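Structure, as structure tokens:
The values are calculated or read from the model by the stated rules, or taken from the named source; none is laboratory data. All values reported here derive from a predicted model rather than from experimental measurement. All Cβ positions, glycine included, derive from the backbone under ideal geometry; neighbour counts span all protein chains shown.
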Amino acid sequence: MKGGKSGDVVDDALVDKLEAAQYERARARRHSIEDQVAAGEHGDRSVKVGLKAFHGICDHWAIDQKDAKAILGSDSKENGDTAELLERIHYVMRIYRLIIEVVQGDQARQQRWIRRSIASLDGQRPIDLMKSGPIDSARVLEYLEYYKYGSSS
């Protein structure tokens, strides 16, 4: 049992249940956002939801505004190409989820990982590949999937 601020006694099991429920709600919300972006519904709502999630990831990874714009593809955003914009966001969201699972550790470790050269990616940094566009973002995603799940052959 733990003492609360007002002197109330809080059951540890109840705290654990509340924390687990909070985690599951956040997880469901994240997957819902990914589903909306992946569906390719090119409406304003999908773009707004996707951009909000993208900027949250940029904050988590400490990505500056210049790099964030490059990852989004300033051309696709300025030309109103919402399909490519949503595709880029979708890749970043999937990469983010896998980095959490594969790299593990704290936020600083994840930030270092996206900025380090990786031999299997021809010595390139994941952040630079994401800035190059969807094809190179797919390479980062495939690398993480291979690392997590192993060879499919």
Residues in region 108-128 that are under 19 Å from Gln65 (Cβ atoms) and of a type outside the set (Lys, Arg) total 5
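The rows are residues; the columns are (1) crowded, with 18+ Cβ neighbours inside 10 Å; (2) not acidic (Asp, Glu).
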| residue | (1), (2) |
| --- | --- |
| Asp106 | no, no |
| Arg112 | no, yes |
| Lys131 | yes, yes |
| Tyr147 | no, yes |
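Of all the residues that make up region 119-153, how many are β-branched (Val, Ile, Thr) and at pLDDT 95 or above? Working first, answer last.
First, the residues of region 119-153 that are β-branched (Val, Ile, Thr): 127, 135, 140.
Checking which are at pLDDT 95 or above leaves us with 127, 140.
Here the count works out to 2.
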Condition set small (Gly, Ala, Ser) and not in a helix (DSSP H, G or I), scope region 42-66, selection surrounded by the most Cβ atoms within 10 Å (Cβ to Cβ): answer is Ala62
Those residues of region 94-135 which are part of a helix (DSSP H, G or I) and either on the phi > 0 side of the Ramachandran plot or free of Cβ contacts under 8 Å to residues at least 12 places away in the same chain (or both) amount to Ile100, Ala108, Arg109, Arg112, Ala119, Asp128, Leu129, Ser132, Ile135
